[in-house]
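The values are calculated or read from the model by the stated rules, or taken from the named source; none is laboratory data. Please read these numbers as outputs of a predicted model, since none were measured by experiment. Neighbour counts are summed over all protein chains in view; Cβ atoms, including those assigned to glycine, are modelled from backbone coordinates with ideal geometry. With ligands, DNA and RNA removed, areas are computed over all heavy atoms of the protein, side chains included. Shrake-Rupley method; radii C 1.70, N 1.55, O 1.52, S 1.80 Å.
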Amino acid sequence: MKTTIYSKVRNLAKAAFPFYLLTLLPLATSCSDVEYEEAVRSEAVSNLKADYTNNSRKVTLQWTNPTAEGLSGIQIIKDNTDITNIDEIINSYFIKKAPANVDVAYTVKARYNDGRVSEGQTVRFHLDYVLHKGSKIALLVADDYEQSDDEKAAVAWFRQNYAADGIVVTPATIDDLDIEEQGVCWVMCDRIGVERGWQNLPGGLADLETIEALKAFAGDGGNLFLTNHATQLTVPLGRIPEAYAPGIFGSGPGGQNDDVWGSQPIIGNAEGQIYDHSQHPIYEGMDFTPGFYERSIYCFEGSGVKGDHNCMWDLNAYGLVPNPNVVKTWEETTNSTVLGTWNHVIDYCCAGIIDFEPTTTFPARIVAVGLASYEWDIQGTNAYQDQLERFTSNCINYLK
């Protein structure tokens, strides 16, 4: 049958068409010889439902798995963005802290050994929930925080002083960060050799699960205290754009230094453009020590082996138009207040302590301390250790 039809077409072509078109006919008719294999069906899950009660954020997703062979796992998608791939065949999934007071959608798909993923089944719900924000404090450090003497010292002090109302969490235990229990989370990272950029934060601090947990915590109004290299988290959490990331950065081994280091709360050197934050609550009860760097300063550390680990903002590096100076422009652009600069700086360039105020899209307050002078272990006796500790307690109390 194929030969007869082809012969008739060829004869008609010779009579009615130019010769050069004949060369195209075998190409056109050869398509009829192609055989297509029927696609393998990717059977989907069914009967998806969400079990929950109002005024609770605990939700259990349940479904019926397909009976097709080759099933290897489950994929769960939240609002088309968050994907959880589970390499086992399960028919339920527990959500400890589901989004509340918003419409949310969860989609479940079946995964197969050969790489196929089925169509998804989606369940939508809206949890009515009154948030009960906790009064305790969390300290988040890297999984390998013991690699840093400064981080170990901070953890030891926190455990001693917040034993009753504090918890230490790491990326491995990030699910323990709970807005119902803790209202403030201190994220501490001070590491030799770490490269600049939040993606390079060590010990799981840059993992997607850690970032998403901090986003959820901040989204519920949990306040954050970011110190040292952790100030870079202001970017992935969505508080400031990547273009405004901290640019004054150091992570070297350091060395012996006999100078006194601290914070300068009086910013500016032009008449009418001086901002005095020396009475701000984060400095409450501290000694405003005169005789250093033309002005009084709050001291954090004295003579010892120090790491020059700044992770703060050079406000002259972002193309800000002075109005009337870059500090004021930065504050108005980012809805923040610069509360301290490097101790010897009296102009407008270095923002070492920033109070990022809550906004309509980011309900959490963030206090970010990126001064190298904020150091917990100088490998010697720190003459100003009590001042560093008082400052830390002040920042936590301010965020509470």
message = If a residue must be farther than 26 Å from Q279 by Cα and open to solvent by less than 30 Å² (accessible area, probe 1.4 Å), how many such residues does the stretch 296-308 contain?
response = 3
message = Quick check on my filter: what residues within the stretch 80-101 are loosely packed, with under 11 Cβ neighbours inside 10 Å and either free of Cβ contacts under 8 Å to residues at least 12 places away in the same chain or of a type in the set (A, V, I, L, M) (or both)?
response = T81
task = Please find, among G254, G285, G247, the residue that is touching a residue at least 60 places away in the same chain (Cβ under 8 Å) and under 14 Å from F391 (Cα atoms).
result = G285
ask   = Limited to the stretch 343-361, what total is found for residues that are at pLDDT 95 or above and farther than 18 Å from P265 by Cβ?
value = 2
ask   = Counting only residues that are over 24 Å from Q147 (Cα atoms) and part of a loop (DSSP other than H, G, I, E, B), how many does the stretch 344-383 have?
value = 17
ask   = Quick one: in the stretch 344-366, which of the residues that are within 27 Å of P253 (Cα to Cα) and in contact with a Leu (Cβ under 6 Å, 6 or more places away or on another chain) is surrounded by the fewest Cβ atoms within 10 Å (Cβ to Cβ)?
value = C349
ask   = If you take the residues of the stretch 123-172 that are of a type in the set (S, T, Y) and within 23 Å of A100 (Cβ to Cβ), which of them is least open to solvent (accessible area, probe 1.4 Å)?
value = Y129
task = Pairs only if they're at least six apart or on different chains, beta carbon under 7 angstrom, first in the stretch 370-392 and open to solvent by 20 Å² or more (accessible area, probe 1.4 Å) and at pLDDT 95 or above, second part of a helix (DSSP H, G or I) and of a type in the set (D, E, K, R); list them, first residue then second.
result = D377/D149; D377/D150
query = Does at least one position in the stretch 304-322 carry a residue that is assigned to a loop (DSSP other than H, G, I, E, B) and of a type in the set (S, T, Y)?
reply = yes
key: Candidates I86, I74 - the one that is of a type in the set (A, V, I, L, M) and closer than 15 Å to Q121 by Cα   = I74
inquiry  = Regarding the stretch 246-253, can at least one residue be identified that is over 25 Å from D149 (Cβ atoms) and at pLDDT 95 or above?
reply    = yes
ask   = Among the residues of the stretch 207-227, is any of a type in the set (V, I, T), within 15 Å of N310 (Cα to Cα) and not in a loop (DSSP other than H, G, I, E, B)?
value = yes
inquiry  = Out of everything in the stretch 173-188 that is open to solvent by 20 Å² or more (accessible area, probe 1.4 Å) and outside any helix (DSSP H, G or I), what residue ends up being farthest from N310 (Cα to Cα)?
reply    = E180
query = Considering only residues of the stretch 189-206 that are within 24 Å of S393 (Cβ to Cβ) and assigned to a loop (DSSP other than H, G, I, E, B), which is most open to solvent (accessible area, probe 1.4 Å)?
reply = R191
